[in-house]
Amino acid sequence: MADKAKVAIFISGRGSNMAALLYASLLPDSTYEVCLVAANDPDAEGLTLASAEGVPTFALSHKGRTRADHDAAMEAAAKEAGAQYIVLAGYMRILSPEFVSRWQGRMLNIHPSLLPKYPGLDTHARAIEAGDSHGGVSVHLVTEELDAGEVLGSLPVAIRAGETADSLAERVRFAEHQLYPRVLSDYVSRGSDPGYLLEKVRALALSLPEAHERESHGSPGWRAGSEKSGKYFAYFNDQHHGSEHIALLVKTGSMDELLDLVEAQPHAYFKPAYYGASGWIGVILNRPGIDWDHVAEWLERSWRSVAPARLAKLINAAEDF
Ligand code: GRF
């Protein structure tokens with residue numbers, strides 16, 4: 001299995017979600033490990049649990065400090081512990097926009113409602129008041145806007161007759177403890193998950209005009225043009241022919257270009273077996289920091305090189321528009 005992702009968990013209080021995340025990380029197939037539990041309240045209950053389990057802790061009160069200074073100290077502790085992700089679990093602080101933007105795509109939060117419903121506070125009371133059939137919980141990416149980042153997963157929890165905000169909160173908590181470890185585990189490993197990578201590539205490939213999918217030698221492939229006379233512009237390879245890569249194969253302009261790219265950026269490109277000989281390059285997808293805009297550019301370029309002239313004209317016209 002690939003190295004486990006390192007995760008710092010920020011808490012403010014009881015830390016029951018932190019405990020759920022921590023114990024799930026001790027299961028043999030966990031894709032992440034907890035490298036730090038940090039709190040803005042030195043008396044946060046969760047800290048003693050974390051240290052009893054041998055997890056490093058950090059605590060610094062926000063009182064008497066500017067937001068920027070406090071954030072910087074928390075961030076420094078996370079970085080020092082080697083964190084690749086920050087996971088907020090009942091962390092009752094608004095983070096500065098600079099901090100949030102530095103961790104864009106690498107910071108998650110759990111929120112006790114079915115987002116986009118009820119961002120902010122008093123979520124359970126609001127769901128009951130509105131007569132909703134379900135409350136629930138969501139795990140989302142943290143962006144500058146409160147509770148508004150991409151939702152990575154959610155679980156509904158039924159609202160019973162006579163439900164109070166407290167009784168609902170208590171049951172939602174059980175759902176939280178199931179959801180958060182699962183979503184985090186999937187999220188940190190999705191960059192090496194062939195199913196996820198294929199879905200991303202498929203969506204980009206099929207967004208090109210008259211593109212359709214057709215399997216080729218057991219691999220998904222995409223063709224431009226009609227079903228009858230279309231030509232392949234991309235293939236998806238999952239560790240094919242002994243390669244350790246999950247890759248997109250696309251057409252380069254020449255063998256020189258292919259070899260130059262492979263030599264200059266061996267972490268990003270390789271010359272695939274068989275296909276390489278006719279100018280197809282392997283764009284490595286299962287690597288940290290993959291840039292999907294760049295993958296989209298490769299797909300479009302490869303599509304242009306095989307698409308019938310009438311289609312290429314279409315895309316040029318759309319761009320001029
Ligand atoms: C949870 O309800 C979570 O949804 C919210 O804060 C609470 C944290 O509880 N963001 P705990 O500290 O994990 O027990």
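The values are calculated or read from the model by the stated rules, or taken from the named source; none is laboratory data. For clarity, every value in this text was computed on a predicted model and none was experimentally measured. Cβ: placed from backbone, ideal geometry, glycine included. Neighbour counts: every protein chain shown. Each accessible area value is taken on the protein alone, full model and side chains, heavy atoms only, with ligands, DNA and RNA left out. Shrake-Rupley method; radii C 1.70, N 1.55, O 1.52, S 1.80 Å.
Using amide H atoms built 1.01 Å from N in the peptide plane, name the residues 5+ places from I246, or on other chains, whose amide H lies under 5 Å from its own.
Amide H neighbours of I246, under 5 Å, 5+ apart: Q239, L285, N286.
Rounded to a whole number, what is D in µm²/s for the stretch 1-97 from Stokes-Einstein with the Kirkwood radius over alpha-carbon pairs (37 °C, 0.692 mPa s)?
245 µm²/s
Projecting each Cα onto the charge dipole of the stretch 9-83 (Lys/Arg +1, Asp/Glu -1 at the beta carbon, about the Cα centre), which of V55, A83, G13 comes out farthest on the positive side?
The one lying farthest along the dipole's positive direction is G13.
For A234, enumerate residues with amide H under 5 Å from its amide H, sequence gap 5+ or separate chain, H modeled in the peptide plane.
W222
Around M107, under 14 Å between beta carbons, what's the net of Lys plus Arg minus Asp minus Glu among the other residues?
-2
Which entries in the list K200/K231; K200/K271; K4/K117; K63/K117 go over 29 Å, if you measure between the two C-alpha atoms of each?
Violating the 29 Å limit, Cα to Cα: K4/K117; K63/K117.
Hey, rough spin-label estimate for E257 and S243, points 7 angstrom out along Cα→Cβ, what's it come to in nanometres?
According to this spin-label approximation, the distance is 1.7 nm.
I want the local charge near D122. Using Cβ-Cβ distances under 15 Å, sum +1 for each Lys or Arg and -1 for each Asp or Glu among the other residues.
Taking every other residue near D122 into account, the sum is -3.
Go through the stretch 182-195 residue by residue and turn each phi into a ³J(HN,Hα) via Karplus (6.51, -1.76, 1.60, θ = phi - 60°); whole Hz please, and just put x for glycine and proline.
Coupling constants for the stretch 182-195: 5, 5, 4, 4, 5, 5, 6, 9, 5, x, 10, 9, x, x Hz.
Find which of Y180, T143, V306 sits farthest along the positive direction of the dipole of the chain, computed with +1 on the beta-carbon of Lys and Arg, -1 on that of Asp and Glu, about the Cα centre.
Of the candidates, V306 comes out farthest on the positive side.
What part of the accessible area of the stretch 194-320, given as a whole %, is carbon or sulfur when the probe is 1.4 angstrom?
52 percent
Once every DSSP H run of n ≥ 4 in the chain is given -39500 (n - 2.57) and the sum is divided by its residues, what mean residue ellipticity at 222 nm do you get, rounded to the nearest 500 deg cm²/dmol?
-11500 deg cm²/dmol
Can you report the principal axis dimensions of the stretch 194-320 using only the alpha carbons, biggest first, rounded to whole angstrom?
That gives 37, 29, 28 Å along the principal axes, largest extent first.
Where the accessible area of the stretch 45-91 is counted over protein heavy atoms with a 1.4 Å probe, how much of it, in %, is carbon and sulfur?
Summing carbon and sulfur atoms, their accessible area is 50 percent of the total for the stretch 45-91.
How long are the semi-axes of the ellipsoid equivalent to the stretch 5-189, from square roots of 5 times the Cα gyration tensor eigenvalues, in whole Å, largest first?
26, 18, 16
Using θ = phi - 60° and the Karplus curve 6.51 cos²θ - 1.76 cosθ + 1.60, what whole-Hz ³J(HN,Hα) does each residue of the stretch 23-34 get, with Gly and Pro shown as x?
My calculation for the stretch 23-34 gives 5, 4, 5, 8, 5, x, 9, 5, 9, 9, 10, 8 Hz in order.
Given +1 on the Cβ of Lys and Arg, -1 on the Cβ of Asp and Glu, and no further charges, what dipole in debye does the stretch 194-320 carry about its Cα centre, rounded to the nearest 20?
In total the dipole reaches around 440 debye.
For the stretch 1-54, state which GluC sites (Glu not before Pro) are in a DSSP loop and have at most 16 other beta carbons lying within 10 Å of their beta carbon.
Answer by residue number: E53.
Taking only protein heavy atoms and a 1.4 Å probe, what accessible area per residue, in Å², does the stretch 1-100 have with all protein chains in place?
47 Å²
Assign one of three labels to the stretch 53-106, namely rounded, prolate or oblate, based on the Cα gyration tensor with a ≥ b ≥ c the square roots of its eigenvalues; rounded applies when a/c is under 1.5, prolate when it is not and a/b is larger than b/c, and oblate otherwise.
oblate
Can you list residues whose amide H is under 5 Å from H134's amide H, if they're 5+ apart or on another chain and H is modeled 1.01 Å from N?
I159
Can you give the Rg to Rh ratio for the stretch 200-256, taking only C-alpha atoms and Rh from Kirkwood?
Here the Rg-to-Rh quotient is 0.99.
Using only the Cα atoms, what convex hull volume per residue in Å³ does the chain have?
Given the Cα convex hull of the chain, per-residue volume reads 192 Å³.
Between beta-carbons, use under 14 Å as the cut-off and find the net charge around T48, counting Lys and Arg +1, Asp and Glu -1.
Around T48, the charge tally is -3.
Relative to the Cα centre, what is the charge dipole magnitude of the chain, using +1 at the beta carbon of each Lys and Arg, -1 at the beta carbon of each Asp and Glu, and rounding to the nearest 20 debye?
Computed about the Cα centre, the dipole is about 540 debye.
How large is ³J(HN,Hα), in whole Hz, for each residue of the stretch 82-87 in order, when computed from phi with the Karplus curve 6.51 cos²θ - 1.76 cosθ + 1.60 and θ = phi - 60°, using x for Gly and Pro?
x, 5, 9, 9, 10, 10
Could you provide, to the nearest whole Å², the per residue accessible area of the stretch 186-309 with probe 1.4 Å?
50 Å²
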